[in-house]
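Presented below is the structure to which this report refers.
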Amino acid sequence: MTSLPTPTATGSPGDPGASGASGASAPPSPHLPAPAFRGARLLGDGIPQLFLVAWALLVILPMAWVLISSLKTNKEIYDSPFGLPATPQFTTYVEAWQTANIGRFFLNTVIVVVCGVFFTLLLSSMAAYVLARYAFPGSRFIYYLFLVGMTFPLFLAIVPLTKVTQNLGLQQTLPGLVIVYVAFSLPFSVFFLTAFFQSLPNELAESAFIDGAGHFRTFFSIMLPLAKPGLISIGVFNFLGQWNQYLLPLVLNTPKDNERSNFLLTQGLADLALRTRYESSSTSLAQMFAGLVIAMIPVLVVYVVFQRRVEEGLTAGALK
């Protein structure tokens, strides 16, 4: 019995379907063609990146413009607002720090914000630890009161807050601003740290109690160091919010002398932009831009230094 010959693939050299004299053609792929697939992937990855680039330009370009303007004279700012300075005027920073009183405003802001963040972290961590670890009558009610404080608009509290600070003698004082900053920062801080303390293991606190440690020693020596990522995260948030606060100082910290010696940095910059007595200098506008640069430096430094710690703090509770 004669076997039938085996068919062989034939094709011209230019035929793309031919795979050779003895090879078989590959079956059609059910997926998209490679060029189309790469194009769709590039389009999907490229659009978010374009938005990020646009957002970065919206942030970087104004900051660069402020920095360049701080090195100009008034005439250069008016004549060529987007040009480079002919001769950089680095003395504008010295003039802004001394003549425009930016140094005093900066020191006041540092005192208020450092004290405000410190007491906010101290009080909120203690309150959050108790609410997270101890069950007592009314604990959930107190927790919900803090949540309600997060929804309370600041504008509704301005008038009664002004009356209270006046009656207590806290008007036009830095301690008064510290107390108000702490009060308005506590709700979110307690809410954030309560969830963080709930994620910590109970066995450590129980072991400390067995070894004879009291509640205060257990909290400050064991539980508080474990909450360091959360404390750094909430501390950075409070620092940024209190450093850039303008409404509360504007209402509660009115000028008490002609030099505005009690002003914070945000108040001083706004006053510097509005007052006309600095127009006598050839670099008065540059002094204002120099003050803006000085105000931005601490924020940028804190963000760069604690950026990774903030990310760790935000994800620590979820990972545990």
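Each residue of region 94-99 was assigned a 3J(HN,Hα) from its phi angle through the Karplus curve 6.51 cos²θ - 1.76 cosθ + 1.60 (θ = phi - 60°); the sequence is 5, 5, 5, 5, 9, 5 Hz, with glycine and proline shown as x. Measuring r between the beta carbons of residue 258 and residue 228 and using R0 = 51 Å, the FRET efficiency lands at 0.70.
Per-residue surface analysis assigns residue 257 an accessible area of about 60 Å², computed on protein heavy atoms at 1.4 Å probe radius. Put simply, region 53-158 fits an ellipsoid with semi-axes of 47, 19, 13 Å; these come from the alpha carbon gyration tensor as the roots of five times its eigenvalues, largest first.
Residue 61 contributes an accessible area of around 110 Å² to the protein surface, as traced by a 1.4 Å probe with all chains present.
Applying 1/(1 + (r/R0)^6) with r as the Cβ-Cβ distance of residue 220 and residue 91 and R0 = 56 angstrom yields a FRET efficiency of 0.70. In whole angstrom, note down how far apart the Cα centers of region 91-105 and region 227-266 are. The distance from the Cα centre of region 91-105 to that of region 227-266 comes to 19 Å. Distance between the modelled labels on residue 155 and residue 47, one decimal in nanometres: 3.6 nm (7 Å Cα→Cβ projection).
The values are calculated or read from the model by the stated rules, or taken from the named source; none is laboratory data. Everything numeric here is computed off the predicted structure, so don't read it as measured data. When we count neighbours, we look across all protein chains shown, and the Cβ atoms used for this are built from the backbone with ideal geometry, even at glycine. Keep in mind that these areas ignore ligands, DNA and RNA; they rest on the heavy atoms of the full protein, side chains included. Shrake-Rupley method; radii C 1.70, N 1.55, O 1.52, S 1.80 Å.
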